[in-house]
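Scroll down for the structure; my scribbles are underneath it.
The values are calculated or read from the model by the stated rules, or taken from the named source; none is laboratory data. Predicted, not measured: the structure shown is a model, and the values here were computed from it. Cβ coordinates were reconstructed from backbone atoms using ideal geometry, including for glycine residues, and neighbour counts include every protein chain displayed. Heavy atoms of the whole protein, side chains included, go into the accessibility calculation; ligands, DNA and RNA do not. Shrake-Rupley method; radii C 1.70, N 1.55, O 1.52, S 1.80 Å.
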Amino acid sequence: MTLYEALCTRTPLLTSDHPMFALKIKDHYNALVFAERNPDAFAHRIAELASSPQLYATLSRNSGNAAEGYLCPLKYDQLITEFLNAEERGNLQRYSLERYDYVSTVPRS
């Protein structure tokens, strides 16, 4: 949730290059990405962000776009209610991972 909250508040992110972030976090688009377990790379990214107001503004602007669609809109209570209600079961199909576009807000590199 920390990544999502930062994106929602348009706070520029500094994240490692962990693969789980790859769908929504793009280097120099909505975050600065550094090599995992590399404190020098992390320090370089901090200095880069601190020295460039334009970069800060770009990351902040693009963060809001990345937050849209970050989370699945189906909440657990809705899932249970609709699953138990046979008449509503067809509504669950609209949340299928196959049909829902989780990555449309970030350009692919």
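Tabulated data for the structure shown
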quantity	calculated
For Phe34, residues with placed amide H under 5 Å, excluding near neighbours	Thr15, Ser16, Asp17
Backbone HN-Hα couplings from phi across the range 4-11 [Karplus 6.51/-1.76/1.60, Hz, Gly and Pro as x]	4, 5, 5, 4, 5, 8, 6, 8
Rounded to the nearest 20 debye, dipole of the range 24-67 from Cβ charges on Lys, Arg, Asp, Glu	180 debye
Computed label-point distance, nm, for sites Leu14 and Ile46 using a 7 Å Cα→Cβ extension	0.5 nm
Residues of the range 52-85 with amide N under 19 Å of a point placed 7 Å along Cα→Cβ from Phe21	52, 55-71
Model label zone, Gln54; criterion: amide N under 16 Å from point 7 Å along Cα-to-beta-carbon; scope the range 1-32	28-29
Surface per residue (accessible, 1.4 Å probe) for the range 1-89, Å²	64 Å²
Zero-based 5 Å bins, Cα pair distances in the range 14-58, whole percents	5, 24, 31, 23, 14, 3
